[in-house]
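Just below is one structure, and these are the notes that go with it.
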Amino acid sequence: MAVQKLPDYSEKPSEWYTEIIKQAELADIRYGVKGALVFQPWSVECMELMYDFFEKDLKKRGHKNYWFPSLIPESYFQKESEHIAGFTPEVFWVEKGGNEKLEERLALRPTSETAFYTMFSLWIRSYKDLPFKTYQRANVYRYETKSTRPFLRSREFYWIETHCAFETKEEAFQSVLDDIETTKRVVFEIFGVPTIVFERPAWDKFAGAGRTFGADAITPQGRVVQQPSTHMINNHFPKVFGVKYFDKNEVEKTPFTTCYGPCISRIMASVILTHGDNKGLKFPFEIAPKQIVIIPILSEKDPNVLKKAFKFKKELEEANYRVELDDGDKRPGEKFYYWEMKGVPLRIEIGPRDLKEKKFLLYRRDTEKKVLINEKDLLKEIEKNGFELSKNLKKKAINNFDGLIKDVKNINEIKKIVGRGIARANFCSVEKDGLGCAEIIEKESGGKIRGTRIDVKENFIGNKKCVICGKKATKVVYIAKDY
Ligand SMILES: [Zn+2]
């Protein structure tokens, strides 16, 4: 496939996004279920690597993996009123089996608290069973009524969900903090996507949760993409499922539960949006579907060039790199454009002249520079440049991020920032009574209150009054438009 010129990323990010998904063959939206799409190898390979990084981290933290059914009985759902109210409008229901109407409707899981807690009530007996830490990799289904967008919002998506039970509230909260660290370790340190962690306001909590914390990434144009959320679940939720245990003194108690949900397909969207440019995708080395592409310059019909290319491929694959050798008929220039558009971090060019000198050219997608390398340094240079490329992508992303947060003092300033960055403002209350002011912000600017930060000590702006109602501010909040 010949590369067509992409729309300018900074000027037309939305068109760019649609086009890069098509051209790089990340997903095909032409499947016959609205809001569902076919993920293609170029994104699946990357998302499988993402799954592995998350799961390794969770296992290290003591989580055990489960596979739960994707069907959940309606009666499970109806046990917790807040939860059912929050999710019902988005549930796909299975009502028939063959020609028979089912006795009880089954939900295609939109999330699995009700399934896990039902089993927790059978498995957890004593304080010795706690903490009980689980996770599963699964696809979930939500009947989205908003317009869907590949990777960002779809009716079926791919995620990991963890469900855990603890003896004390403190232990549960520590696990929430550990989830936030997992997000940082994986999403930022490995995928190169910086995020800010917010505690969501009371009106934006997960249905049935006591407290919700969510990470937000931000695109170079200043719109946020929601990243993993983690929740302190109310004690009430496990209680209605009959999850209980006997403590050291034989007293019956209800454990405190948490859940965490890294949505792999949406994290993929922020990898595309955070690192991409006018030439196309840019993958961090660790999660690139192919890390290196070898392009033999075959113009002089020198068989030794191709031989060398295969030798390099073998050597690199033996060192566990993901390598593509493009020995197709297209001109080298066309191949360069194609693999740059696909976001391959490193390119090796082997020509007859360099071959004689036992050298090759190494191109880096991030710096767009080529250097001449001695053949004997192949492995050493690949490792070094792969590492530096990821580091450089991270640095670039974080620099961009910092410049997008601006202090605001009134609604007009909010309107100016939202859609182009994150507005930081004094706010009256993030409990239910602040909802009125939040609605004014959303109506006037299209931006939402993302929440309050828990990782920094915030200073109020100027006179310490709510940016909307003028009453005494209790919090500093962040406002942005999301994808
Ligand atoms: Zn207010």
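Where a number appears in this text, it was derived from the coordinates with a stated rule and is not lab data. Everything quoted here is computed from the prediction, not taken from an experiment. Here the Cβ is made from the backbone with ideal geometry for all residues, glycine too, and neighbour counts use every protein chain on show.
Within segment 434-471, the trypsin sites (Lys or Arg not before Pro) that combine a DSSP coil assignment with at most 13 other C-beta atoms in a 10 angstrom radius are Lys457, Lys464.
Going through segment 188-254, which GluC sites (Glu not before Pro) have at most 16 other Cβ atoms within 10 Å and a DSSP loop state? It would help to have the intermediate numbers written out before the result.
Details: sites: Glu189, Glu199, Glu250, Glu252; in loops: Glu189, Glu250.
Taking segment 188-254 and a limit of 16 other Cβ atoms within 10 Å, the loop GluC sites (Glu not before Pro) found are Glu189, Glu250.
In whole angstrom, segment 1-53 maps to an equivalent ellipsoid with semi-axes of 21, 16, 12, each derived as √(5λ) from the alpha carbon gyration tensor and ordered largest first.
Length available on full extension from Asn400 to Leu361: 0.36 nm per residue minus the Cα-Cα distance, which gives 11.0 nm. Simple spin-label estimate for Val33 and Asp407 gives 5.0 nm between the two label positions (7 Å along the Cα-to-Cβ direction from each Cα). Do any trypsin sites (Lys or Arg not before Pro) in segment 51-134 lie in a loop, going by DSSP, with at most 13 other beta-carbon atoms within 10 Å of their beta carbon, and if so which? Here the sparse-neighbourhood loop sites are Arg125.
Compared with the dominant Cα axis of the chain, that is its longest principal axis, helix 264-275 is turned about 50°. Expressed in Å, the radius of gyration and Dmax of the Cα atoms of segment 169-270 are 16.0, 57.
So how much slack lies between Glu388 and Glu317, counting 0.36 nm per residue of separation and subtracting their Cα-Cα distance, in nm? List each step's numbers first, then the result.
Details: separation 71, 0.36 × 71 = 25.56 nm, distance 2.01 nm.
Answer, rounded to one decimal: 23.5 nm.
Could you tell me the convex hull volume per residue, in Å³, taken over the Cα atoms of segment 357-399?
Numbers: hull volume 2.1 nm³, N = 43.
That works out to 49 Å³ per residue.
Relative to the 2.2 N^0.38 Å rule of thumb, segment 13-275 has a C-alpha radius of gyration ratio of 1.03. Using the Karplus relation 6.51 cos²θ - 1.76 cosθ + 1.60 with θ = phi - 60°, the per-residue 3J(HN,Hα) values for segment 176-190 come to 4, 5, 5, 4, 4, 5, 4, 4, 5, 4, 8, 5, 8, 5, 9 Hz, with x marking Gly and Pro. Amide H contacts under 5 Å for Leu325: Ile294, restricted to partners 5 or more places along the chain or on a different chain, H placed in the peptide plane at 1.01 Å from N. Divide the volume of the convex hull around the Cα atoms of segment 405-480 by the residue count and you get 77 Å³ per residue. Compute the angle between helix 113-123 and the longest alpha-carbon principal axis of the chain, please, reported from 0 to 90 degrees and rounded to the nearest 10. Taking Cα atoms only, the helix is inclined about 70 degrees. Relative to the longest principal axis of the Cα atoms of the chain, the long axis of helix 303-318 lies at roughly 30 degrees.
A convex hull fitted to the Cα coordinates of segment 290-387 yields 88 cubic angstrom per residue.
Taking each residue as 0.36 nm, the span from Thr168 to Leu379 lengthens on full extension beyond its C-alpha to C-alpha distance by 71.0 nm.
How big is segment 53-170 by the Kirkwood estimate over distinct Cα pairs, in Å? Walk me through the numbers before you get to the answer.
Details: mean 1/r = 0.0626 Å⁻¹.
Kirkwood hydrodynamic radius for segment 53-170: 16.0 Å.
Farthest toward the positive end of the dipole of segment 1-81, out of Tyr9, Ser70, Phe53, is the Cα of Ser70, where the dipole comes from beta carbon charges about the Cα centre. Once C-alpha pairs closer than 8 Å and six or more residues apart are averaged by separation and normalised to the residue number of segment 294-335, the relative contact order reads 46 percent.
Only Cα pairs under 8 Å and at least 6 apart count here; give the relative contact order of the chain as a rounded whole percent. Each step should come with its number before you reach the end.
Values: 936 pairs, mean separation 66.9, N = 483.
Relative contact order here is 14 percent.
Scalar couplings 3J(HN,Hα) for segment 365-382, obtained by applying the Karplus form with A = 6.51, B = -1.76, C = 1.60 to θ = phi - 60°, are 5, 6, 8, 6, 10, 10, 10, 8, 10, 6, 3, 5, 9, 3, 5, 4, 6, 5 Hz; x denotes Gly and Pro.
DSSP beta bridges confined to segment 405-480 are antiparallel in about 70 percent of cases. Residues Ser112, Ser121, Ser75 in ascending order of nearby Cβ atoms (within 10 Å, fewest first): Ser75, Ser121, Ser112. Looking at segment 312-431, the DSSP beta bridges with both ends there are about 70 percent antiparallel. Roughly speaking, what is the centre-to-centre gap between segment 259-290 and segment 374-439 when only Cα atoms are used, to the nearest Å? A separation of 15 Å, based on Cα centres.
When Glu144, Glu340 are arranged by Cβ crowding within 10 Å, least crowded first, meaning fewest neighbours, the order is Glu144, Glu340.
For Lys248, the lysines whose Cα falls under 26 Å of its own Cα, not counting residues fewer than eight places away in the same chain, are Lys64, Lys128, Lys133, Lys169, Lys239. Between amide H atoms placed 1.01 Å from N, distances below 5 Å from Val467 occur with Asn426, Phe427, Cys428, all of them 5 or more places distant or on a separate chain. Computed over the Cα atoms of the chain, the ratio of the radius of gyration to the Kirkwood radius (Rg/Rh) comes to 1.02. Pairwise Cα separations in segment 356-483 fall into 10 Å bins from 0 onward with the following percentages, short to long: 12, 32, 18, 12, 13, 10, 4, 0. For Asp482, the amide hydrogen comes within under 5 Å of the amide hydrogens of Val224, Lys448, counting only partners 5 or more places away or on other chains and with H modelled in the peptide plane. Take every pair of alpha-carbon atoms less than 8 Å apart whose residues are at least six positions apart; their mean separation over the length of segment 13-275 yields a relative contact order of 20 percent.
This ranking places Phe312, Phe460, Phe151 by how few other beta-carbon atoms lie within 10 Å of each, fewest first, which gives Phe460, Phe312, Phe151. Sorting the Cα pairs of segment 199-324 by distance into bins of 10 Å, from 0 upward, gives 10, 22, 20, 17, 14, 10, 5, 2, 0 percent per bin.
How high is the FRET efficiency from Glu324 to Asp455, r the C-beta distance, R0 35 Å, rounded to 0.05? The pair Glu324/Asp455 has a calculated efficiency of 0.30. Segment 40-67 and segment 183-258 have Cα centres lying 19 Å from one another. Take the Cβ atoms of Lys253 and Ser81, set R0 to 30 Å, and the FRET efficiency comes out at 0.85.
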